[in-house]
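Everything below concerns the one structure shown next.
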Amino acid sequence: MNHLSLENLARLLDEEPSRSESEHLAECADCRSELAALRADRDALNALPDLLPPPPTAWPDLAERLKEEGLIRTEVTGGTQVTPARTGGRRFLYLAASLALFLLGGSTGYLLRGADSGGEIAHGVGGQTTSPGSASTGGGLAARGEEPAGVDPAPVYRSLSSPSDRLALGNDAAAASRARLTELFEDRTPIPAPAKAGGNADGVEPVRGARRARHLGGAEVVALEPGLAHYFAGATGGVLVLHVEPGTTAARSGLVPGDVITTAAGGEVQTVDALWNALSRAPAGAVSLTVIRQGDRLELQWRR
Amino acid sequence: MTDQQLIDGAIAGSEAAIRALYERYASRVYATIYRLAGGDSALAEDWAQEAWISAIRALPTFRGGAQFSTWLHRIAVNAALQGLRKQQRREGPEIPLPDEPLADPNRDRPLLRYQIEQALASLPAGMRQVLVLHDVEGYTHEEIAASLEITVGTSKSQLFKARARMRELLGGSTATVQEI
């Protein structure tokens, strides 16, 4: 029996089926089931929360722009208004602090795990060695869709029920930091095409999002800031692997959390965009990766 | 204070009035733009800022007869679509990601709302725009076609492709999806 295509079934959410489609649906339980699933998907999309709090830095940044544009002409006085001197710097410091906190926790967990297992990290286990003590596991729990008791897996998606709740989130620096930190490490958005801007002197491109964790082939990765590289023996820069999803390309390639990818397809990678470029432009098949793992230099093959 | 009072204050350049309007509607604006930005929070923040700048600048043209929230929502959608167009011009055609299809390791567990968000974010931009505008925001194909400068037929075609792709990405049973 020829089934109706998914696209045709998707059309039937809005349009009446033709006679032949009706006849097929009457006979085919599989297609009826797919149609019901498509309807449920649409209902789920429609039920997504209307409210999503913007990051706490959004208002100060906007206020500064509005002043520059002459749209704010009467400022709030009395010392309650906070106007940032340089918003770009604020954002960088915020992300850098979040990253530093995470990496500090992650490094501790990683080292503890190393100590527990006699300092050995198994090669080629494909990320299945994530430890309960590691910060990357903590971040990865929610990212994998497992919902720890009492922990919202995606605070940025949280639908806050009242204006006072939303205001409280906006005013509560600690809550905002937690939300931002969680967002930072839950971000699995596709890697954007590389920015065209040139890099700075140390080769780390100051592109938007360059410091944010990204999801690539089942690995959560982030550019290793030069200031943090000394925590990773043997690495001076590269792309740090925060988490590896079991059964994915990254896992099959032998990457594990804590690895620092320094080259891909023979080219140096200092940013996630550069890594993405190297992997996406390489011909099908294996792509060689150079990885620093606990001071050792390894050659891995990224197998698609 | 009513929206109109705040709007009057904002037109006069009052920071307090603009901030009050912002706090009243920022989450709604950001939610719409965030989804159109494919879950890229940095991009969404930039586009939301552009939306607010445009809205505050255009406030003197706002006619009290319409709902301010509806008017603002249109501006937010337009800002996001403009941002997407600029991005596409700058970056050229989309390149398929060397990534896995969205894994669903919890097929037997209730699907989490954020998996829907993640699947949405992983769609190609053209499909995502139409799906968000139609199935999330409730726009008609005629409105979408006008906003995106495409035909109604293209809007429908993109919508059906997007729904099919979402289904492939989400997998799982109907019962699972319904448990959201």
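The values are calculated or read from the model by the stated rules, or taken from the named source; none is laboratory data. The structure displayed is predicted, hence computed values, not measured ones. Every residue, glycine among them, receives a Cβ derived from its backbone with ideal geometry; neighbour counts consider all protein chains shown.
A few points about this structure:
- Residue match in the range A:41-60 (condition: within 23 Å of B:Gly38 (Cβ to Cβ), surrounded by 17 or more Cβ atoms within 10 Å (Cβ to Cβ) and more than 7 Å from every other protein chain (Cβ to nearest Cβ)): yes
- Residue satisfying condition, being at pLDDT 90 or above, loosely packed, with under 14 Cβ neighbours inside 10 Å and in a loop (DSSP other than H, G, I, E, B), within set A:Glu23, A:Glu16: A:Glu16
- Residue check, B:Thr70 polar (S, T, N, Q), crowded, with 23+ Cβ neighbours inside 10 Å and within 14 Å of another protein chain (Cβ to nearest Cβ): no
- Only listed residue being over 30 Å from B:Ile7 (Cα atoms), assigned by TED's automatic domain parsing to the domain that holds B:Gln158 and either at pLDDT below 60 or assigned to a loop (DSSP other than H, G, I, E, B) (or both), chosen from B:Leu123, B:Leu97, B:Leu102: B:Leu123
- Complete set of residues in the range B:154-167 that are at the interface with another protein chain (Cβ under 7 Å from one of its Cβ atoms) and either surrounded by fewer than 19 Cβ atoms within 10 Å (Cβ to Cβ) or in contact (Cβ under 8 Å) with a residue 24 or more places away in the chain (or both): B:Lys161, B:Arg163, B:Met166
- If only residues of the range B:4-18 that are facing chain A (nearest Cβ under 7 Å) and part of a helix (DSSP H, G or I) are counted, the one that is surrounded by the fewest Cβ atoms within 10 Å (Cβ to Cβ) is B:Ala16.
- Verdict on B:Ala51 being modelled with pLDDT of 95 or more, over 30 Å from A:Ala250 (Cα atoms) and more than 8 Å from every other protein chain (Cβ to nearest Cβ): yes
- In the range A:266-304, the qualifying residues are those that are part of a loop (DSSP other than H, G, I, E, B) and in contact with a Lys or Arg (Cβ under 8 Å, 6 or more places away or on another chain), and the one that is modelled with the lowest pLDDT is A:Ala284.
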